[in-house]
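Input: a single structure, listed below in structure tokens.
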Amino acid sequence: MSPVQARPSDAERDRALAILRAGAGSGRLSHDTFVRRMNFVLNAQSRGELDSVLTDLPKPEPRVKVWARTVRDRVARVEVWRRLEDLVGVPLARRTPIMLPMTALALPAPGSATVRVGRGDGATLRLADVGVSRRHAELRHVGDGWMVRDLGSMNGTEVNGLRITTATRVRPGDRVSFGPVAFVLTWTE
């Protein structure tokens with residue numbers, strides 16, 4: 001049996017239907033033609049019948065070609081920015097991220113009240129960065145240590161580089177980030 005006479009697989013039928021949908025969406029096929037051809041694809045007995053339905057429609061581009069065009073377009077945009085920078089004489093985009101030194105955040109003594117972190121008026125530790133939510137997180141002394149809990153903030157809370165979703169135990173030396181603002185926890189005597 002030749003490949004053209006072989007029965008089409010479900011994946012081949014799905015690809016054919018995708019080509020038909022694209023043809024109808026681009027205006028190459030009327031609604032009636034689309035429905036007629038769709039029924040033909042679903043009832044096709046051979047790959048040759050599938051091919052005959054799609055002969056007048058463009059085939060989808062290979063993924064490699066789409067990927068290459070995307071890369072080419074992005075590289076062209078970077079070149080445009082570089083030419084603008086040369087023309088203006090000022091860098092328009094940061095090429096390397098700015099690394100700020102970590103600020104120490106001292107954990108209060110055991111038995112202290114809960115520390116609320118955020119931009120809002122009710123925060124015990126107010127951070128003036130727009131990446132910090134008004135009610136961002138809280139530090140609470142529980143039992144023999146401290147726990148940090150995110151309060152549903154937009155940019156999240158991280159402990160040692162991992163975003164937390166539940167209350168997490170923290171210790172001196174841990175890195176805690178409230179959105180873009182990062183601290184190293186220390187201990188107060």
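Table for the structure above
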{"read-out": "Which listed residue is at pLDDT below 75 and out of contact with any strand residue (DSSP E or B) (no Cβ under 9 Å at 6 or more places or on another chain), from Trp67, Trp81", "value": "Trp81"}
{"read-out": "Residues that are open to solvent by 40 Å² or more (accessible area, probe 1.4 Å) and either closer than 14 Å to Arg15 by Cα or assigned to a helix (DSSP H, G or I) (or both), drawn from segment 35-48", "value": "Val35, Arg36, Arg37, Met38, Asn39, Phe40, Leu42, Asn43, Arg47"}
{"read-out": "Every pair of residues 6+ apart whose Cβ atoms lie under 6 Å, when the first sits in segment 161-189 and is farther than 15 Å from Asp144 by Cβ while the second is of a type in the set (S, T, N, Q) and surrounded by fewer than 12 Cβ atoms within 10 Å (Cβ to Cβ)", "value": "Phe183/Thr103"}
{"read-out": "Residue identified as touching a helix residue (DSSP H, G or I) at 6+ places or on another chain (Cβ under 9 Å) and either modelled with pLDDT under 90 or farther than 22 Å from Val181 by Cα (or both) among Leu100, Leu92, Leu87, Leu107", "value": "Leu92"}
{"read-out": "Single match in Arg135, Arg116 (criterion: in a loop (DSSP other than H, G, I, E, B), touching a Ser or Thr at 6+ places or on another chain (Cβ under 9 Å), open to solvent by 100 Å² or more (accessible area, probe 1.4 Å) and modelled with pLDDT of 90 or more)", "value": "Arg135"}
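The values are calculated or read from the model by the stated rules, or taken from the named source; none is laboratory data. All values reported here derive from a predicted model rather than from experimental measurement. Glycine gets a Cβ as well: all are built from the backbone with ideal geometry, and neighbour counts include every protein chain shown. What goes into the accessible areas is simple: the full protein's heavy atoms, side chains included, and nothing from ligands, DNA or RNA. Shrake-Rupley method; radii C 1.70, N 1.55, O 1.52, S 1.80 Å.
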